[in-house]
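Here the structure is laid out as structure tokens; the discussion comes afterwards.
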Amino acid sequence: MAHGPDSRSPVSIPRGAPDVHPAPDTPAYRATALRHPTRPLVVIPQTLTEVTGPVYGRESIDPLDHDLTRQHPGEPAGQRIVIEGRVMDEGGRPVPHTLIEIWQANAAGRYAHQVDQWDAPLDPNFIGAGRTLTDADGRYRFVTIRPGAYPWRNHHNAWRPAHIHFSLFGHAFLTRLVTQMYFPGDPLLALDPIYNAVPDARVRERLVSAFDLSLTEPAHALGYRFDLVLRGRDQTPMEYS
Amino acid sequence: MAGLTPFQTVGPYLHLGLRVGREPMTAPGLTTPIVITGRFLDGAGAGIGDGVLEFWAPGFDGIGRVWTEADGRYRLTAVKPPSSADSSGAVHAPHFAVRVLARGILTEYLTRVYFDDEPDNARDLVLRLVPDDRRATLIAAARAPSEYHLDIVVQGDRETVFFDI
């Protein structure tokens, strides 16, 4: 049984810019020690498998999924924030109608997750999970609360800077991105092995959102801008080699 | 050019956020039900209990996303993808692309799962690029009718082949 190319005419995905992502073996982040490959990666061509990907539409999203402050009977504790941004490919073209999933700790720095057992309080009005689709211009918007920092056991007196996890699909298996958004001016950033695993300091700063007064809602919520750039598509239809 | 956003780890609380994903995996016109089980193992042979595996094949209705159990076990229910040939005549044996993510993984590792009862494996474009002595790390063993087994090992002697694509 043969596949033809699908109706979206998938194209090859250019290799991303080099030296952007963390090295899989980052000794300062101890958990990488036994979780990074030591054998060489095998280079393979892109086939239909890699240039296609799942399509998630409106049926995957509930109307309140983008607003983490309205998923419970009461308002969560903490500083209300709005996060807006644009998802683009490396060529600067918007990535429309793609799924974004986020998850985060509450204002006290505690995740609503059974593995997180430090003694900061849980918030009955905050689970800390959201999802949305980008619009036709690649724009997205979340409403949530600013997460707290929290301790972890990587090294003595280790604290993760406040962050929100982001997961994006893009249009193909190869355009996926899983990352974390940080907040400007956080003194913990300089001490964090995960943030600093990104080798280039200027590239690292792409993970730090920007305070934006134009997104800030009077007497309601602070605004932060966070744009994301996925591995891009080029315009050349490919032969499936 | 816009600057590519770097990866960061999913961390240990991925289950809160990574919830979308259809299981059993389905695709129009495909009817052979299968189960793939195995363990997701670290360089000491211990199970990775806070990982997520994402399976994909063209034409499917969504990704198959499975969280690993505390001891690293995983179980995917799906329908078997077909063999295919592309316009250049290259043969693609039935397979899923697999992405693995976990605490302690700062990026993503990409691999594939093939099936050991498929004669097209010998002609598969990608399998032929994998060194002979490592090819078995990509091929799930049939254990019972429609049931396959493959460990995914991120490091060590039995290390799974990961791809640069």
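One chain, two ends: A:R202 and A:L64. Fully extended at 0.36 nm per residue, the span grows by 46.2 nm beyond their Cα-Cα distance.
Residue by residue along B:14-24, Cβ atoms of other protein chains within 10 Å of the local Cβ number 6 on average. Cβ crowding within 10 Å ranks B:W67, A:W103 as B:W67, A:W103, fewest other Cβ atoms first.
Dimensions of segment A:30-230 along the principal axes, based on C-alpha atoms and rounded to the nearest Å, stand at 50, 43, 32, largest first. Whole angstrom only: what separates the Cα centroid of segment B:9-24 from the Cα centroid of segment A:173-224? Here the answer is 21 Å between Cα centres.
Using C-alpha pairs below 8 Å separated by at least 6 residues, the relative contact order for segment B:14-153 is 26 percent.
Dividing the mean sequence gap of close Cα pairs (under 8 Å, 6+ apart) by how many residues chain A holds gives a relative contact order of 28 percent.
Rounded to the nearest 20 debye, the dipole size of the protein assembly as shown about its Cα centre is 300 debye, using +1 on the Cβ of Lys and Arg and -1 on the Cβ of Asp and Glu. When the helices in chain B are scored as -39500 (n - 2.57) per DSSP H run of 4 or longer and the sum is shared across all residues, what 222 nm value do you end up with, to the nearest 500 deg cm²/dmol? My calculation for chain B gives -500 deg cm²/dmol from helical runs alone. Semi-axes of the equivalent ellipsoid of the protein assembly as shown are 35, 24, 20 Å, computed as sqrt(5λ) over the eigenvalues of the C-alpha gyration tensor in descending order.
In terms of the Cα gyration tensor, with a ≥ b ≥ c the square roots of its eigenvalues, is segment A:132-226 rounded because a/c is under 1.5, prolate because a/b exceeds b/c, or oblate? Since a/c reaches 1.5 but b/c is at least a/b, the shape of segment A:132-226 is classed as oblate. Once the cut-off is 17 Å, how many percent of the Cα-Cα pairs in segment B:14-153 end up in the long-distance tail? Within segment B:14-153, distances greater than 17 Å cover 60 percent of Cα pairs.
Just so you know, all these numbers are worked out from the coordinates, no wet-lab data involved. All values derive from a computational prediction rather than experimental measurement. Here Cβ is always computed from backbone atoms with ideal geometry, including for glycine, and neighbour counts include all displayed protein chains.
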